[in-house]
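Take a look at the structure set out below.
The values are calculated or read from the model by the stated rules, or taken from the named source; none is laboratory data. If you're wondering where the values come from, they're calculated on a predicted model, not measured in any experiment. Virtual Cβ from ideal backbone geometry, glycine too; neighbours counted across all protein chains shown. These accessible areas exclude ligands, DNA and RNA; they are computed on the full protein's heavy atoms, side chains included. Shrake-Rupley method; radii C 1.70, N 1.55, O 1.52, S 1.80 Å.
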Amino acid sequence: RRSKSTVSAYLSGAGLLCWCFYDLRQQLQRQRAELWKQMAVPLRVCAYAEQLGEDIPAGSAKDWGPWKLWTLDSAGVAAVLSSDFAGSTAARRFRDVAQRVQCLFAAKALLWGNDWSEDLLGPLPADRSADALLAANVQRCLPRFLRFCLMVSRNAPLDGFVFEVRGAPYSHDLPSFTATVRRVLAALSAADPAGANCLARRVAGRGWYFQFAREPIFVTTFAPCYDEKNPRYQFQQHPESCFILFQPEESFLRHDLPNDKPRSQTNWEHPVDVRDRIRANFLRHGREYRIPETTSYPPAEFIVAPLDVLKDPPVHFWLEGSAPSGR
């Protein structure tokens, strides 16, 4: 009798345990379905905003199709959540420049970028000014740029985000290029979700740096107006475009770049670290760049290079009319 009672008790307990597991699984599935119901539309809207400009072929994972086909486990959701934009037109076109510059990290850098479009404005000539088109392309790029900064903050191995501005009026000479850089950085700064609006602050200060979504970023620019002796030379690649490269400080830390040092401490003949090698490589190719004799200097003065980086004064791009007309 006791053994039968014990077996009966075990069976009853096992049955109760199975029922509890089944009930818990049902609750989790209901919670999961409710979560997906809340997330589906916002997630799709965010993906749409990020992917503006991408050529999404029909039937690909990113082509989500009708609502009834969306599920939390679908390939489309996975593609959106793990999406990257290394195949953007800006990243692909800038690679032609990066493979030629003297920076030792450039050729292998993992970059995201924008997809410039000429079709963002109305049909009337009054609607299609160069300034309006530039502003529209910056606005279009904002969700993707934010995604980039958030991914960097989560230790994604991203080295930079390149923003391409396409069209001769934007960079045919130094004044036009300076104005373009100012407009792009000002638009991004004003849209910073963290509210820092760094370009509205004292840009000329030594402690200033560009930031977006609380991510500190080093900014470098390239344009067709620079000749072959300038470190921002584009090597005649895509002469109708200029490029603004945003490099997160996290990338420099990940590549173990040594601390900055004055020009006089550079080992030109026998480089002892990667910073020395980069400086010597630029010099050897006739594109030496200005290196201060202090490590405390206004970084904004190095965003837009003058035509002669060793003789001309720094370009204060944040001030209108700051760039000389050039040679």
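Taken over the stretch 180-198, the criterion of being open to solvent by 10 Å² or more (accessible area, probe 1.4 Å) and either polar (S, T, N, Q) or assigned to a strand (DSSP E or B) (or both) is satisfied by Asn197 alone. A Cβ distance below 9 Å, combined with a sequence gap of six or more or placement on separate chains, defines the contacts here; from the stretch 186-198, residues that are free of Cβ contacts under 8 Å to residues at least 60 places away in the same chain reach residues that are of a type in the set (A, V, I, L, M) and open to solvent by less than 10 Å² (accessible area, probe 1.4 Å) in the pairs Ala187/Leu134; Ala187/Val138; Leu188/Val138; Ala191/Val138; Cys198/Leu185.
Pairs linking a residue in the stretch 42-54 that is open to solvent by less than 70 Å² (accessible area, probe 1.4 Å) to a residue that is part of a helix (DSSP H, G or I) and of a type in the set (A, V, I, L, M, F, W, C), with Cβ atoms under 7 Å and 6 or more positions apart or on different chains, are Leu43/Val80; Ala47/Val80.
Mind listing whichever residues of the stretch 109-135 are modelled with pLDDT of 90 or more, over 18 Å from Phe218 (Cα atoms) and surrounded by fewer than 18 Cβ atoms within 10 Å (Cβ to Cβ)? So that I can check it myself, show each step before the final result.
Let us first name the residues in the stretch 109-135 that are modelled with pLDDT of 90 or more, namely 109-118, 130-135.
From what is left, the residues that are over 18 Å from Phe218 (Cα atoms) are 115-118, 130-135.
Ser117, Glu118, Ala130, Asp131, Ala132, Ala135 - these are the residues of the stretch 109-135 that are modelled with pLDDT of 90 or more, over 18 Å from Phe218 (Cα atoms) and surrounded by fewer than 18 Cβ atoms within 10 Å (Cβ to Cβ).
Filtered by the rule that a residue be open to solvent by 40 Å² or more (accessible area, probe 1.4 Å) and small (Gly, Ala, Ser), the stretch 292-314 gives a lone residue, Ser296. The condition (being over 18 Å from the mean Cα position of the chain (by Cα), touching a residue at least 24 places away in the same chain (Cβ under 8 Å) and more than 28 Å from Pro143 (Cα to Cα)) is satisfied by just one residue among Pro258, Pro262: Pro262.
Please state which one of Arg140, Arg128 is of a type in the set (D, E, K, R), out of contact with any helix residue (DSSP H, G or I) (no Cβ under 7 Å at 6 or more places or on another chain) and more than 22 Å from Tyr48 (Cα to Cα). Spell out the reasoning first.
Details: Arg140 fails: more than 22 Å from Tyr48 (Cα to Cα).
So the residue among Arg140, Arg128 that is of a type in the set (D, E, K, R), out of contact with any helix residue (DSSP H, G or I) (no Cβ under 7 Å at 6 or more places or on another chain) and more than 22 Å from Tyr48 (Cα to Cα) is Arg128.
Considering the stretch 252-273, the residues that are out of contact with any helix residue (DSSP H, G or I) (no Cβ under 9 Å at 6 or more places or on another chain) and modelled with pLDDT under 90 include one that is least open to solvent (accessible area, probe 1.4 Å), namely Phe252. Annotation note: of Phe177, Phe222, the sole residue that is closer than 26 Å to Val152 by Cβ and under 21 Å from the mean Cα position of the chain (by Cα) is Phe222.
This table checks each residue for (1) open to solvent by less than 10 Å² (accessible area, probe 1.4 Å); (2) in contact with a strand residue (DSSP E or B) (Cβ under 8 Å, 6 or more places away or on another chain).
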{"site": "Glu164", "(1), (2)": "yes, yes"}
{"site": "Ser171", "(1), (2)": "yes, yes"}
{"site": "Thr178", "(1), (2)": "yes, no"}
{"site": "Val203", "(1), (2)": "yes, no"}
{"site": "Phe210", "(1), (2)": "yes, yes"}
{"site": "Phe218", "(1), (2)": "no, yes"}
{"site": "Asn230", "(1), (2)": "yes, no"}
{"site": "Phe243", "(1), (2)": "yes, yes"}
